[in-house]
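These notes concern the structure reproduced below.
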Amino acid sequence: MNCNQCIIGIGWTEVEIELIKKRMGEDNFYIVADDANYYSYKLREYIKANGIEYKHISRLEEDYTRVIFPNAVIEIKDREKDSIMVYYMYEKGKKPYVIQDIVMPEDEINAYFNITNK
């Protein structure tokens, strides 16, 4: 991954989407997907307002299994399957960090990127 300061969003593969639809039921899946889109939008608006770059990785191929940073490699093939998107924060010189609270990620983002509210 080539950026000085960014958040990387990693989505499900098409195979994973079909499996989760079967597990949750299609109606429930679309409710979760709608929520995920909303929180993704809020996250992108917050980081844009703070000058942080956003990158999206769409895992459409099963063999796409890792994200490579200058100081870390993150295996994404075995990541949490219960969330539609997983977000990693990255700043040059720091280890990548996964956002734990997608509903209210501001505190995590502020702490990782040393952002103080103005």
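The values are calculated or read from the model by the stated rules, or taken from the named source; none is laboratory data. Given the structure is predicted, the values throughout are model-derived calculations rather than measurements. Neighbour counts run over all protein chains shown; Cβ positions are idealised from the backbone, glycine included. When the accessible area is computed, the model is the full protein with side chains, heavy atoms only, and any ligands, DNA or RNA have been set aside. Shrake-Rupley method; radii C 1.70, N 1.55, O 1.52, S 1.80 Å.
Exactly one residue out of Ile47, Ile74 is at pLDDT 80 or above and closer than 20 Å to Cys3 by Cβ: that is Ile47. Among the residues of the range 8-23, just one is of a type in the set (Lys, Arg) and surrounded by 15 or more Cβ atoms within 10 Å (Cβ to Cβ), namely Lys21. Can you confirm whether Tyr41 is within 16 Å of Pro105 (Cβ to Cβ) and either part of a loop (DSSP other than H, G, I, E, B) or open to solvent by less than 80 Å² (accessible area, probe 1.4 Å) (or both)? Against the criterion (within 16 Å of Pro105 (Cβ to Cβ) and either part of a loop (DSSP other than H, G, I, E, B) or open to solvent by less than 80 Å² (accessible area, probe 1.4 Å) (or both)), Tyr41 does not qualify.
Here Lys22 fulfils each of the conditions (1) among the basic types (Lys, Arg); (2) at pLDDT below 80; (3) more than 30 Å from Asn114 (Cβ to Cβ) apart from (2).
Let's see how each residue does on (1) open to solvent by 80 Å² or more (accessible area, probe 1.4 Å); (2) in contact (Cβ under 8 Å) with a residue 12 or more places away in the chain; (3) closer than 20 Å to Met89 by Cβ:
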{"position": "Cys6", "(1), (2), (3)": "no, yes, yes"}
{"position": "Gly25", "(1), (2), (3)": "no, no, no"}
{"position": "Ala36", "(1), (2), (3)": "no, yes, yes"}
{"position": "Glu45", "(1), (2), (3)": "no, no, yes"}
{"position": "His56", "(1), (2), (3)": "yes, yes, yes"}
{"position": "Thr65", "(1), (2), (3)": "no, yes, no"}
